[in-house]
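I have placed the structure first, in the form of structure tokens, so that the comments after it can refer back to it.
The values are calculated or read from the model by the stated rules, or taken from the named source; none is laboratory data. All values derive from a computational prediction rather than experimental measurement. Cβ atoms come from the backbone with ideal geometry, glycine included; neighbour counts cover every protein chain shown. We work out accessible area using only protein heavy atoms, side chains counted, and drop any ligands, DNA or RNA first. Shrake-Rupley method; radii C 1.70, N 1.55, O 1.52, S 1.80 Å.
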Amino acid sequence: MFSLNLFLGHFIGEHAFSNVYSESFTNKKGYYKHLIWIVLLFLALTFDSLLSVGAVFIIAALLMHVGVDLLRMKKKSSPLLELASLAAFLLLSIASTSFMKESYISWEFQLYLCGMMISTSFGSYLFRTFGLIDREKKDTTGATERLVIFIFMLSHQYLWVFLSALIALGYKLMIEKRKDKELLLSPVYGILTSLIWMFIM
């Protein structure tokens, strides 16, 4: 087992409630809001390691995160930048394991959060990247649908997984009047990633 604290700080900070393709996300004038959120998030995930050598890794992670943000502002987001930054943070997180091993966030919960992010917010990122939804468009309905599916799947409530997907499909068809590819791909992606994560855990 290895630590995912710093990786989760970056992963959640960039993709949960955020759209890295959005103009507002790369707006320098509003960056301080994102920076406050990031500092608080990293502290929430690592505060019990601040009085150890782990503080060096936490500061390094914050500086790396800001560096990625500045690079994104200059060159815009790309799959290479996002995946490379995630890989870099995963390596940094693994390197910090011995200083984060006493973290109040258990390994199981770290893994659970990682799977939840992959199923929900990162799914929205992939759909935008491959043109399934507009890059500036919010994916609140799809992300919420996949979140509910993930929670029920890992609780082994398979009937509720099916009902959740069915209700979300009906909502998108009748309320949002949608007919795009994401309509069906979203629940399929949510079920597959949740199923894979259930076996991983």
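Just subtract the alpha-carbon distance of Lys181 and Tyr32 from 0.36 nm times their residue separation and send over the number in nm, one decimal.
Numbers: separation 149, 0.36 × 149 = 53.64 nm, distance 3.57 nm.
Stretched fully, the Lys181-Tyr32 segment lengthens by 50.1 nm.
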Putting +1 on Lys and Arg Cβ atoms and -1 on Asp and Glu Cβ atoms, find which of Phe42, Asn19, Met1 reaches farthest to the positive end of the dipole of the range 1-93.
Asn19
Around Leu113 (Cβ within 15 Å, Cβ-to-Cβ, excluding Leu113; K/R +1, D/E -1) the net charge comes to -1
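With a 1.4 Å probe and all protein chains kept in place, how do Trp107, Trp37, Trp160, Trp197 rank by accessible area, largest first?
Working: Trp107 60, Trp37 90, Trp160 130, Trp197 35 Å².
Correct descending sequence by accessible area is Trp160, Trp37, Trp107, Trp197.
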Just to be sure I understand the model, the point goes 7 Å from the Cα along the line to the Cβ. What's the resulting Asp48 to Met201 distance in nm?
1.9 nm
Helix-only [θ] at 222 nm, the chain, -39500 (n - 2.57) per DSSP H run of 4+, per residue, nearest 500, equals -23000 deg cm²/dmol
The range 27-130 - percent of accessible surface contributed by carbon and sulfur, probe 1.4 Å
76 percent
Considering the dipole of the chain built from charges on the beta carbon (Lys and Arg +1, Asp and Glu -1) around the Cα centre, which of Val68, Ser93, Phe109 is farthest to its positive end?
Val68
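Give me the percent of accessible area attributable to carbon and sulfur for the range 144-184, probe 1.4 angstrom. Walk me through the numbers before you get to the answer.
Details: 1980 of 2650 Å².
That fraction is 75 percent.
Net charge within 15 Å of His34 by Cβ-Cβ distance, Lys/Arg positive one each and Asp/Glu negative one each, not counting His34 itself?
On the way: positive: Lys28, Lys29, Lys33, Arg72; negative: Glu14, Glu23, Asp69.
Summing Lys and Arg as +1 and Asp and Glu as -1 gives +1.
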The answer for the range 139-193, accessible area per residue at 1.4 Å probe in Å², is 58 Å²
At q = 0.18, 0.22 Å⁻¹, what log₁₀ I(q)/I(0) does the range 93-201 have when each alpha carbon counts as one equal point scatterer in the Debye sum?
-0.86, -1.12
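Are there GluC sites (Glu not before Pro) in the range 6-114 that DSSP marks as loop and that have at most 12 other Cβ atoms within 10 Å, and which are they?
On the way: sites: Glu14, Glu23, Glu82, Glu102, Glu108; in loops: Glu23, Glu102.
Answer in residue order: Glu23, Glu102.
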Using the Cα centre as the reference, give the magnitude of the dipole from point charges on the C-beta atoms of the range 67-201 (Lys, Arg: +1; Asp, Glu: -1; all else neutral), rounded to the nearest 20 debye.
500 debye
Separation of the range 1-15 and the range 124-139 by C-alpha centroid, Å?
22 Å
Please state, to two decimals, what the Cα-based radius of gyration of the chain comes to when divided by 2.2 N^0.38 Å (N = residues).
1.07
Fluctuation leader among Met117, Met73, Met174 - the chain, Gaussian network, Cα springs under 10 angstrom
Met174
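Counting pairwise Cα distances across the range 37-110, what percent come out greater than 18 angstrom?
Result for the distance tail: 43 percent.
Cross-link list Lys28/Lys138; Lys29/Lys179; Lys75/Lys138; Lys74/Lys181: which exceed 29 angstrom alpha carbon to alpha carbon?
Working: Lys28/Lys138 21 Å; Lys29/Lys179 36 Å; Lys75/Lys138 22 Å; Lys74/Lys181 31 Å.
Beyond 29 Å: Lys29/Lys179; Lys74/Lys181.
Grab the other residues whose beta carbon is less than 14 angstrom from that of Phe7, score K and R as +1, D and E as -1, and report the net. Show your work: numbers first, answer last.
Values: positive: none; negative: Glu14, Glu82.
So the environment of Phe7 carries a net charge of -2.
Could you calculate the contour length gain from Ala88 to Val39, that is, 0.36 nm times the residue separation minus the distance between their Cα atoms, to one decimal place in nm? Walk me through the numbers before you get to the answer.
Working: separation 49, 0.36 × 49 = 17.64 nm, distance 1.85 nm.
Full extension from Ala88 to Val39 adds 15.8 nm.
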Might you tell me the accessible area per residue for the range 11-75, computed with a 1.4 Å probe and given in Å²?
55 Å²
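Taking Cα atoms of the range 1-89, Rg/Rh with Kirkwood Rh, to two decimals?
Working: Rg = 12.9 Å, Rh = 13.4 Å.
Computed over Cα atoms, the ratio is 0.96.
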Label point 7 Å beyond Cα of Met64 along Cβ direction - residues of the range 1-28 with amide nitrogen under 20 Å:
1-16, 20
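In Å², and per residue, what accessible area does the range 76-135 have when probed at 1.4 Å with the other protein chains present? Display every interim value, and only then the final one.
Numbers: 2820 Å² over 60 residues.
For the range 76-135, the per-residue accessible area is 47 Å².
Which of the peptides 55-63, 151-159 is most tightly packed, and how do the rest follow, going by the mean number of other Cβ atoms within 10 Å of each residue? Before the final figure, lay out each step's value.
Values: 55-63: 16.7, 151-159: 14.7.
The packing order, highest mean first, is 55-63, 151-159.
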